[in-house]
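Below is one structure, written out as structure tokens; the observations come after it.
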Amino acid sequence: MVIKNSLHVSCWNINGFKLKGYNKFSDSDFISEFNKKDIFCLLETHCSLEDALEIPDFKAVHLIRPMSARTRKRSGGISVYVRSTLRPGIKFLKHKTNDYIWLKLCKQFFGLPEDLYLCFLYNPPANSTYSQSLTYDILEYVEYDIVNYSKLGKI
């Protein structure tokens, strides 16, 4: 069991890891921001699995969108990082799309009265070509999960 009186969680839409030749993933100031966190999420990474940021002392899960056939670029992308010492108490749960991911913080590990569920979500603009191509509603999926997860973890 790990007892912490605070947990530092962050989410940042970085709007792509590269911009006009500048690589955010190689910027030490950018990286140093994350060493202060326990769990953090980067949204809109626009990277492949090979380009994904790896940070010492963190375990990561990367949700990578396929490259667009039309533009030959990547869009979207979610990377979630968990401090290695906390990873045994956190489960990454199943998700229906690469637009969101759920984490379960286990009550036994963290000394909580209930399991805690945390969702990181990228909801693309309604007028984007990606949104218009979807055959499902991301928020309906998340709402369904909220209903189901709200029933769990209390025992």
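The values are calculated or read from the model by the stated rules, or taken from the named source; none is laboratory data. In this text the structure is predicted, and so the values were computed from the model without any measurement. Ideal geometry is used to build each Cβ from the backbone, glycine not excepted, and the neighbour counts take in all protein chains shown. Calculation scope for accessible area: heavy atoms of the full protein, side chains included, ligands and nucleic acids excluded. Shrake-Rupley method; radii C 1.70, N 1.55, O 1.52, S 1.80 Å.
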TODO: Look through region 98-121, keep the residues that are in a loop (DSSP other than H, G, I, E, B) and within 12 Å of the chain's Cα centre (by Cα), and return whichever of them is nearest to Ser131 (Cα to Cα).
DONE: Asp99
Open item on the list: So in region 53-97, with the set limited to residues that are of a type in the set (A, V, I, L, M), part of a loop (DSSP other than H, G, I, E, B) and in contact with a Ser or Thr (Cβ under 7 Å, 6 or more places away or on another chain), which one is modelled with the highest pLDDT?
Closed with: Leu53
Task: Ile101 hydrophobic (A, V, I, L, M, F, W, C), farther than 21 Å from Leu139 by Cβ, in contact with a strand residue (DSSP E or B) (Cβ under 8 Å, 6 or more places away or on another chain) and buried (at least 19 other Cβ atoms within 10 Å of the Cβ) - done: no
Open item on the list: Looking only at region 136-155, filter to residues that are in a loop (DSSP other than H, G, I, E, B) and under 17 Å from Lys104 (Cβ atoms); which one of those is least open to solvent (accessible area, probe 1.4 Å)?
Closed with: Gly153
TODO: Identify the residue in region 122-135 that is among the hydroxyl-bearing types (Ser, Thr, Tyr) and part of a loop (DSSP other than H, G, I, E, B) and, among all such residues, is surrounded by the most Cβ atoms within 10 Å (Cβ to Cβ).
DONE: Tyr122
TODO: Enumerate the pairs (first residue in region 107-135 and more than 21 Å from Ile78 (Cβ to Cβ); second residue anywhere and part of a strand (DSSP E or B)) with beta-carbon separation below 6 Å, excluding pairs fewer than 6 apart on the same chain, so at least 6 apart or on different chains.
DONE: Asp115/Lys104
TODO: Output the qualifying pairs, or none if there are none: Cβ atoms under 6 angstrom, residues six or more apart or on different chains, first residue in region 12-29 and in contact (Cβ under 8 Å) with a residue 24 or more places away in the chain, second residue in a loop (DSSP other than H, G, I, E, B) and surrounded by 11 or more Cβ atoms within 10 Å (Cβ to Cβ).
DONE: Asn13/Glu44; Asn15/Glu44; Gly16/His46; Phe17/Thr45; Phe17/Cys47; Phe25/Phe17; Phe25/Leu53
- [ ] Assess whether Glu50 counts as being at pLDDT below 85 and either of a type in the set (Phe, Trp, Tyr) or open to solvent by 80 Å² or more (accessible area, probe 1.4 Å) (or both).
- [x] yes
Open item on the list: Condition first: in contact with an Asp or Glu (Cβ under 9 Å, 6 or more places away or on another chain) and farther than 24 Å from Lys24 by Cβ. Can you find one or more residues in region 71-85 that meet it?
Closed with: yes
Task: Lone qualifier among Ile64, Ile90, Ile78 - being surrounded by 15 or more Cβ atoms within 10 Å (Cβ to Cβ), closer than 20 Å to Leu152 by Cβ and within 16 Å of the chain's Cα centre (by Cα) - done: Ile90
